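J.: One structure follows; several queries about it will come next.
The values are calculated or read from the model by the stated rules, or taken from the named source; none is laboratory data. All values reported here derive from a predicted model rather than from experimental measurement. When we count neighbours, we look across all protein chains shown, and the Cβ atoms used for this are built from the backbone with ideal geometry, even at glycine. All accessible areas refer to the heavy atoms of the entire protein, side chains included, with ligands and DNA or RNA removed. Shrake-Rupley method; radii C 1.70, N 1.55, O 1.52, S 1.80 Å.
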Amino acid sequence: MKQFFKMMFASVLGVFIGLGIFMLMGFFMFVGMVSSISSSSTAYVPKNDEKVFQLPVKGSLTEVTSESRFGNLFGSENSFSLKDILTAIKDAKENDKIEGIYLDVSYLSTGTANIDVMRRALTDFRESGKFIVAYADNYTQKGYYLSSVADKVFLNPQGLLQLTGLASQTVFYKGILKKAGIEMQIFKVGTYKGAVEPFMLDKLSDANREQITSYQQCIWNNIVDNIASARNISKENVNDFIDRGFMFSSAEKAVECGLVDGLKYREEAENCIKELTGVESGKKLKTVSLAKMKNIKKKAPVKKADQIAVIYAEGEITDSDNTPKYSDANYITEKLVDELIKLKKDDKVKAVVMRVNSPGGSAYVSEQIWKQVHDIRKDKKIVVSMGNVAASGGYYISCAADKIISEANTLTGSIGVFGIFPNATGLFDKMDLTADVVKTNIYSDFGDISRPMREDEKMLMQGYVEYIYDVFLTRCSEGRGVAKEEINDIGQGRVWTGEQALERGLVDETGDLNRAIEVAAELAGLTDYSVKTVLGSSDPFTEYLKKQMGEMRTSVIKNALGEDMELFRILQTVRHASGIQARLPYDFKTL
């Protein structure tokens, strides 16, 4: 009887807890909807003493954020996208009350291509006659690269200017896998397809080192050229600062070399901004935040009969069933296929721009997306705009477009495929594990990790990988109007920058998303049109909750792993990858 009452009490308690959670979620939903309604109906108008737009340079940067009606409930003021920032800079330029931008620099996690886009937007802002002042306690390389376009660049007197150049490191797992008793059975096509090298080598192959050196130097030359031009100094000055290790010298060296304009504490830098806007020194500097700028009052766009749709394809390409649960990362799945089909059928949409920012992934899902891009092209014009990276599967889904526009520093190409199958025989031996199989046909146990592949199985697998590669080459050949042999010569899994890809005919011109929209309008013969954004999320509430859970989960993991967080991301990618992969060999990161 005692046990019965314990079980009954536990059951009742569980019901009450469940009801409580349900009611709490209902309350959150209500608050989120009310918040959304109030924020959308009340536009922000800067006060007379709010003459400066304070733009925080902080955190990771996605292409676009979800416009979920529940986003205001838990959303952080730092959760903004590249689209938000570019729109805010444009609005600040056009708003008569805003006289300048205060770049508040901390750290920035994004690719060089996105920084180039923001630099151009800031340069356009300056050319309108308004000022930009940048300040940082410490400048990371990316933060400084963005800030170098400012009229004044200030650094904390005890701060660091972390200009170091570019470096790419590859971690190899062959040795530790051998110790664990696991052999990776590799199947690939492409001399430069380095994604599999960590599992089969203990250092970079000569071909892989060649391609990394090539695109890395190309990107660095562009960065140095842009910094030198913005600061009106020589390229030699920039590289000399780095090669002499002045990053670790006193901050005065940055001033001497012409990289910053002065050493000031934050209060002193803000006093300079006050002087520029005519604010008395004793008064507080009042600024317009990015959150307010996003909602600043402006003329409502006039809806046109003809539309150009901008659809975003951001993240790894994978089957929706294989996306990690509660992940904070973006993924390209079959949902993109559904959205492209809708755009194809929408008579109002006369042209489509697909913004691609992806290292690739599943070859199968890439093929499904390619098919829809190919079909849209039959009836409408479609242009691809490449972001930080559009390589391997990212290029696969792009190649059928009428035109491809990339940034000079976009990483693209990597036309190649691979497959990996583990053989855990050694691990089974170490753990005294045995396995026995009963099967009906010769290949019923294909992929069994408890044994090595037979030679006939390896031949089948390699043949399939080569078949997928041939399909990839065919798609690129047909899309670009280039012979398959020529695509193969510049393919082989090799990564190119957008600038290098332009020279080899893989892209049509360098430019940003706005340029891609212009090209789409020109191809479609449109002069009077409106632009609509397609986010590709059919269930905003579910997607938003997944994102919030992912951010909480990632925060806990980051605190636990610290610098090992990148290894965790790599393992997550490997764990959830399925089928033949068309994926960029590595992540390319700089300070």
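J.: Report, by residue number, each residue of region 483-500 that is part of a helix (DSSP H, G or I) and either touching a His at 6+ places or on another chain (Cβ under 8 Å) or not acidic (Asp, Glu) (or both).
T.: The answer is 484, 487, 488, 490, 498, 500.
J.: Please go through region 375-401 and pick out each residue that is open to solvent by 10 Å² or more (accessible area, probe 1.4 Å) and either out of contact with any strand residue (DSSP E or B) (no Cβ under 7 Å at 6 or more places or on another chain) or among the small types (Gly, Ala, Ser) (or both). Let's see the steps before the verdict.
T.: Taking region 375-401 and keeping what is open to solvent by 10 Å² or more (accessible area, probe 1.4 Å), we get 375, 377-381, 388-389.
Scanning region 375-401 gives 375, 377, 378, 379.
J.: Can you tell me which of 178, 188, 152 is within 19 Å of residue 391 (Cβ to Cβ), among the charged types (D, E, K, R) and in contact with a Gly (Cβ under 8 Å, 6 or more places away or on another chain)?
T.: The unique qualifying residue is 188.
J.: Has region 489-500 got any residue that is open to solvent by 50 Å² or more (accessible area, probe 1.4 Å) and out of contact with any strand residue (DSSP E or B) (no Cβ under 8 Å at 6 or more places or on another chain)?
T.: Yes, region 489-500 has at least one match.
J.: Something else: Would you check which residues across region 426-436 are of a type outside the set (Phe, Trp, Tyr) and within 28 Å of residue 174 (Cβ to Cβ) and list them?
T.: Going residue by residue through region 426-436, those that are of a type outside the set (Phe, Trp, Tyr) are 426-427, 429-436.
Within region 426-436, 426, 427, 429, 430, 431, 432, 433, 434, 435 qualify.
J.: Step by step: first the residues of region 501-526, then only those that are surrounded by fewer than 22 Cβ atoms within 10 Å (Cβ to Cβ), in a helix (DSSP H, G or I) and among the small types (Gly, Ala, Ser), then the one that is nearest to the chain's Cα centre (by Cα). Which residue is that?
T.: Only one residue fits best here, namely 521.
J.: Every residue in region 348-374 that is at pLDDT below 95 and open to solvent by 40 Å² or more (accessible area, probe 1.4 Å), please.
T.: 364
J.: Of the residues 522, 543, which single one is out of contact with any strand residue (DSSP E or B) (no Cβ under 7 Å at 6 or more places or on another chain) and at pLDDT 95 or above? Break it down into steps so the answer makes sense when it comes.
T.: Working: 543 fails: at pLDDT 95 or above.
Testing whether each residue is out of contact with any strand residue (DSSP E or B) (no Cβ under 7 Å at 6 or more places or on another chain) and at pLDDT 95 or above leaves just 522.
J.: Sticking with this structure for a sec: Can you tell me how many residues in region 410-448 are touching a residue at least 40 places away in the same chain (Cβ under 8 Å) and in contact with an Asp or Glu (Cβ under 6 Å, 6 or more places away or on another chain)?
T.: 1
J.: Right, here's the next one. Return the residues of region 247-294 that are within 16 Å of residue 237 (Cα to Cα), of a type in the set (Gly, Ala, Ser) and touching a Phe, Trp or Tyr at 6+ places or on another chain (Cβ under 8 Å); say none if nothing qualifies.
T.: Answer for region 247-294, where residues must be within 16 Å of residue 237 (Cα to Cα), of a type in the set (Gly, Ala, Ser) and touching a Phe, Trp or Tyr at 6+ places or on another chain (Cβ under 8 Å): just 254.
J.: How many of the residues in region 334-392 are over 21 Å from the mean Cα position of the chain (by Cα) and assigned to a strand (DSSP E or B)?
T.: The total comes to 5.
One line per residue, one yes/no per condition, for (1) farther than 19 Å from residue 156 by Cα; (2) at pLDDT below 95:
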residue	(1), (2)
222	yes, no
229	yes, no
243	yes, no
247	no, yes
251	no, no
261	no, no
277	yes, yes
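J.: Here are some conditions: (1) open to solvent by less than 40 Å² (accessible area, probe 1.4 Å); (2) in contact with a Pro (Cβ under 9 Å, 6 or more places away or on another chain); (3) aromatic (Phe, Trp, Tyr). Residue 172 meets all but one. Which one does it not meet?
T.: All conditions are met except number (1).
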